[in-house]
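First up is the structure itself, then whatever we jot down about it.
The values are calculated or read from the model by the stated rules, or taken from the named source; none is laboratory data. Since this is a predicted model, take the numbers as computed values, not measurements. FYI the Cβ positions are ideal-geometry reconstructions off the backbone, even for glycines, and counts take in every protein chain you see.
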Amino acid sequence: MVFSSHYFLFYFFTVFLLLYYVMVGLRVNLSWINLLITIASYFFYGWFEPWFVTLMWISTFLDYAAGRAIEKPDQVLHAKPPYILDVINIFRYPYYITWWISNALNMPVERRRAYIRNIALITSMVGNLGLLGFFKYYMFVMGGVNRLAELTGGPNNLFQILSITLPIGISFYTFQTMSYTIDVWRGDAPPVKDMRTFSCFVALFPQLIAGPIIRYNTVAEQLSYRKHTLSKFSSGLAIFITGFAKKILLANPGGMVADAIFNADSPDMLSSWFGVLGYHFQIYFDFCGYSDMAVGLGRMMGFEFIKNFNAPYRAQSMSDFWNRWHISLSTWIRDYLYIALGGNRGSVGRTYFNLAIAMFLCGVWHGAKMTFIVWGVMHGALLIWERTMGRKPVYHMLPPFAKIIVTNIIVMFTWVAFRASSMDQCFHVWKSMLGLLKPSPSAPLLRAELFTANHMFEMAIIAFVCWQPVQAHEWVQKLTPTKAIWLALLLFLAVISMFTQSFNPFLYFQF
């Protein structure tokens, strides 16, 4: 189920919100309200493919049990010897594993406590990354193995590759549950009190499919206590409407322009830049719109989620861009990967290496394609380059508006790798953008299709909204009757457009 569908707007969320506030009005214990959220979230997630919920359960059970073992290693030390027939109580599996190993090694008590905590953390990491790796990268890796076998003289299709369906949102909730285990192990987050609360944290449907990535330590108190006020509900509804409008009224028109170029044979130089600009707008308003809807829905339910975008296309350098783009992911990679590798605490060369690895894995996180890896490596190289110049771009002497333009051009160039279906298509579009490709005879027809009055008007409106200084989160902080009228008009236009548009993808569902 997607937010920009009539199933969600008029059925799922309407019924859910009614039940939710009936329970709030009756002063039902918050743990039971969280259970309602969990059940609704499983229905929301299972709408696409019911068996996907099973994977979420595995991740939820694994990290809850690991967190318990990290919190109370003495329960493992003093546990009774496990019995083979005790297969129902799955939460004790990490206890049993560490009990067997620590007893076999005959460790002192203090060492066994530390060992149990470490084993629980490793179990969580291996389990989560194993699930993510299998479902997201199995076919990519095995395809590479087959190609390598062919290059070395082996038979074609040496290994029969299984066709694996990628569970939507698995990258997001996997990182989310991993952050819980890591934070509990570090002592940065309080251990969860019960399974009901933790299940709600993992399955929370507003940010389940495409983020933002929520860390447990930022919502732990809200899961136990949160306020429901009219002003909070109103601002949440306003943010949801702005996000919904971004998706329907801005991202979708930009995507139609982008698809025309990426599906073309050999477009001319001007058409290529226009099409890539369309994707530049599409990916931002698609993902930012979804994040705004998630933040708005969460606020309507009393939660406060992280603001995931901070006007990234107003950035004046690539370092500035990554401080503004997909903030929940960039900070996750910084805190759990870059800093864990040593960050900038070592030599200059080591710092550059850590940064390169972090951005490489950022590309890998987005998908099992060479194009994503190239995109991550390009951004890593650009960030390293700026660090060699004291965190300044080579064009730092330009005036602010010029630095914004140059940064956007660089980002647009890298988006080609992110959008392309293959490296061949990526190089094809790059050549066209640089004027190194001879336009096909059908290029004039493509120009006529792209540069219509309707597309030019839409792209002008999108550009104005993209680079104007006031952001949605700031605009809705103080609602007035005039703003309420504008929001109602936006919602009306977006809903009408939703019913008339045949093009309505969510780009980040594939991640």
Q.
Quick check on my filter: what residues within region 6-55 are within 20 Å of the chain's Cα centre (by Cα) and of a type outside the set (Val, Ile, Thr)?
A. Ser41, Tyr42, Phe44, Tyr45, Gly46, Trp47, Phe48, Glu49, Phe52, Leu55
**Q.** Odd one out for Leu491, checked against (1) buried (at least 16 other Cβ atoms within 10 Å of the Cβ); (2) more than 24 Å from Phe262 (Cα to Cα); (3) modelled with pLDDT under 90
**A.** (3)
Q: Kindly indicate the residue of region 1-25 that is farther than 27 Å from Met195 by Cβ and of a type in the set (Gly, Ala, Ser) and also modelled with the lowest pLDDT among those meeting that condition.
A: Ser4
Q | The listed residue being in contact with an Asp or Glu (Cβ under 9 Å, 6 or more places away or on another chain) and of a type outside the set (Val, Ile, Thr), out of Gly298, Gly367, Gly289 | A | Gly298
Q. Can you name the residue in region 259-299 that is buried (at least 23 other Cβ atoms within 10 Å of the Cβ) and of a type in the set (A, V, I, L, M) and is also farthest from Val2 (Cα to Cα) among such residues?
A. Ala264
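Looking for something of a type in the set (Lys, Arg), in contact with a Phe, Trp or Tyr (Cβ under 9 Å, 6 or more places away or on another chain) and not assigned by TED's automatic domain parsing to the domain that holds Tyr284 - is there at least one such residue anywhere in region 320-331?
yes
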Q. Hey, among Leu166, Leu249, which residue is at negative phi and outside the structural domain of Ala40 (by TED's automatic domain parsing)?
A. Leu249
**Q.** Selection count, region 396-427, where residues are in contact (Cβ under 8 Å) with a residue 12 or more places away in the chain and not in a loop (DSSP other than H, G, I, E, B)
**A.** 19
Q: Scan region 296-349 for residues that are part of a helix (DSSP H, G or I) and either of a type in the set (S, T, N, Q) or within 17 Å of the chain's Cα centre (by Cα) (or both) and report the count.
A: 20
(Q) Give all pairs with beta carbons closer than 8 Å in which a residue from region 473-493 that is among the aromatic types (Phe, Trp, Tyr) meets a residue that is surrounded by 15 or more Cβ atoms within 10 Å (Cβ to Cβ); count only pairs at least 6 apart in sequence or on separate chains. (A) Trp475/Thr242
(Q) Regarding region 443-454, can at least one residue be identified that is within 26 Å of the chain's Cα centre (by Cα), aliphatic (A, V, I, L, M) and not assigned by TED's automatic domain parsing to the domain that holds Thr174? (A) no
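Residues checked against (1) in contact (Cβ under 8 Å) with a residue 40 or more places away in the chain; (2) farther than 21 Å from Val141 by Cβ; (3) among the β-branched types (Val, Ile, Thr); (4) surrounded by 17 or more Cβ atoms within 10 Å (Cβ to Cβ):
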residue	(1), (2), (3), (4)
Tyr352	no, yes, no, yes
Leu355	no, yes, no, yes
Met359	no, no, no, yes
Trp375	yes, no, no, yes
Gly380	no, yes, no, yes
Val394	no, yes, yes, no
(Q) Which residue is modelled with the highest pLDDT, if the candidates are limited to region 467-488 and must be surrounded by 13 or more Cβ atoms within 10 Å (Cβ to Cβ) and of a type outside the set (A, V, I, L, M, F, W, C)? (A) Lys483
Q: Could you list, in sequence order, all residues of region 392-406 that are in contact with a Leu (Cβ under 9 Å, 6 or more places away or on another chain) and at pLDDT below 90?
A: Pro393
Q) Can you spot a residue in region 156-168 that is under 24 Å from Phe13 (Cα atoms), at pLDDT below 90 and of a type in the set (Gly, Ala, Ser)? A) no
Q. Of the numbered conditions (1) more than 29 Å from the chain's Cα centre (by Cα); (2) buried (at least 19 other Cβ atoms within 10 Å of the Cβ); (3) not acidic (Asp, Glu), Ser440 satisfies every one except a single condition; which is it?
A. (2)
Q. Which of (1) part of a helix (DSSP H, G or I); (2) closer than 18 Å to Phe281 by Cα does Val470 not meet, given it meets every other one?
A. (1)
Q: Within region 429-438, identify whether any single residue is free of Cβ contacts under 8 Å to residues at least 40 places away in the same chain and outside any helix (DSSP H, G or I), and answer yes or no.
A: yes
Q | Phe464, sole failed condition from (1) surrounded by fewer than 17 Cβ atoms within 10 Å (Cβ to Cβ); (2) modelled with pLDDT of 90 or more; (3) not small (Gly, Ala, Ser); (4) not assigned by TED's automatic domain parsing to the domain that holds Trp273 | A | (4)
Q: Go through region 26-43 and count every residue that is surrounded by 15 or more Cβ atoms within 10 Å (Cβ to Cβ) and at pLDDT below 90.
A: 1
Q | Residue among Ala210, Ala203, Ala189 that is at pLDDT below 85, small (Gly, Ala, Ser) and under 22 Å from Tyr42 (Cβ atoms) | A | Ala210
Q: Return the pairs, sorted by first residue and then second, in which the second residue is of a type in the set (Lys, Arg), the first residue lies in region 190-212 and is surrounded by fewer than 24 Cβ atoms within 10 Å (Cβ to Cβ), the beta carbons are less than 8 Å apart, and the residues are 6+ apart or on different chains.
A: Pro191/Arg68
